[in-house]
Amino acid sequence: MREDKGFLKNVDGWLIFIYLVLVIAGWLNIYAAVYDENHSSIFNLSQRYGKQMLFMVAGFVIAILILLIDMRFFMNTAYLFYGLSIVLLIAVLIVGTRVSGQQAWFQIGGFSFQPAEIAKFATCLTLAKYLSSSGVSLKNTSTKFISLIIIFLPTVFILMQPDMGSALVFTAFILVLYREGLPVWYVWVGFAAVVIFILDLLVPFWVLLIILALATSVLIYLNKKTFRNIASAVLLFIAAAGFGYGADYAFQKLEPHQKDRINVLLGKEVDLKGVGYNVNQSKIAIGSGGFFGKGYLQGTQTKFNFVPEQSTDFIFCTVGEEWGFVGSTIVLALFLILILRIVFLAERQRNAFARIYGYGVAAILFFHVLVNIGMVIGLLPVIGIPLPFFSYGGSSLWAFTLLLFVFIKQDASRIAF
């Protein structure tokens, strides 16, 4: 393998431009979300926007260093990164700092570090390394099994923190497996599992059994009534019923506030002053922005701190209130262009490693944007994951920078295998 020494000429300007726009826009919105007239300077390091500026500068340094490192470094150290991330996820359960009921952070002086963010990058890198190895094919059962182990091993440790939001992000890698040849029925099974889980929360278990029995009967009626088909349908019914029971058991094991959030989302409870307060205030803030918004630093919901966690998980409602429908659409369009551009570049890669890694980056970004904005506007439960490049926090910004620029480096290097 030989890397073109003029690779910097091949760096994709569109990805870097969108990255810079999103990061700077995020910084400005963090300033708006926690604006204080007593600390009006955006460079005040005692405030979150001042700290975010330092995180941005560090992120830019990380990006430059990645572009200067030989791409083979990331390929050759993929398993090392993965092993280190697993060690960190175990260590944080032992010596980590507990914040809001989650033991998910290392506290180093005045800085907090979340290993789950690095685990996303390491898992993306490792999955690409494994699936691009010689002789590995998703047609083989062993490959499917090992791929799922790579994806869900860090998920187990993250669930122990417990951090449901970060754990769910890893399910996005299923899209990567599908692109690489995983049969489509696996995806349909996953979709059916989600439907059964929601039904299990909405109706009594005996009603769920009736629904599953009717669905099984329809399958038998639509297919040839051979012994094999009937036996398969019956086994499918048993498996679905077992999953429904397991889903109900898992739901009961959730933290009380997590169960309340899901119940509020499903309409089983109405609690606008309790667990539903954040989402309700967020929707008010976004709706009050109208078409063009109230103007920068003019958001009343923002100024008077009606929306908790507005500089982190709920940063998008600042965009909606102050920049309105137009500003929100522009932000969503930037994310869409970024993700589609990554997919486009991934498809033109000359080696499987870069292609698979690119799809992993796109899947993670897509999941984060979809779930974060979905929970802010009340379409999805509040599970606490950041909006890429926008939400306050060094761990998140650096992890997304690392993810994106390693791919930019791969695309610029043009290495063929």
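Derivation of every value follows stated rules applied to the coordinates shown; laboratory data play no part. Note that the structure is a prediction, hence the values are computed from the model and not measured. All Cβ positions, even for glycine, are placed from backbone atoms using ideal geometry, and neighbour counts span all protein chains on display.
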Apply 1/(1 + (r/R0)^6) to the Cβ-Cβ distance of PHE106 and ILE69, taking R0 = 35 Å, and write down the FRET efficiency to the nearest 0.05. 0.90
Simple spin-label estimate for THR300/GLU347, 7 Å along Cα→Cβ, in nm, reads 4.8
Could you tell me the calculated FRET efficiency between ALA213 and VAL21, based on Cβ-Cβ distance and R0 = 45 angstrom, to the nearest 0.05? 0.25
What net charge is computed for the residues neighbouring ILE18, neighbours being all others with C-beta under 12 Å from the C-beta of ILE18, Lys and Arg scored +1, Asp and Glu -1? 0
Cα-Cα longer than 32 Å, checked against LYS9/LYS120; LYS51/LYS283; LYS9/LYS139; LYS51/LYS129; LYS9/LYS294, kept in input order, equals LYS9/LYS139; LYS51/LYS129; LYS9/LYS294
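Determine the sum of side-chain charges near PHE292: Lys and Arg each +1, Asp and Glu each -1, restricted to other residues whose C-beta is under 13 angstrom from that of PHE292.
-1
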Grab the Cα-Cα distance for LEU340 and TRP188, subtract it from 0.36 nm times how many residues apart they are, and report the gain in nm with one decimal. 52.4 nm
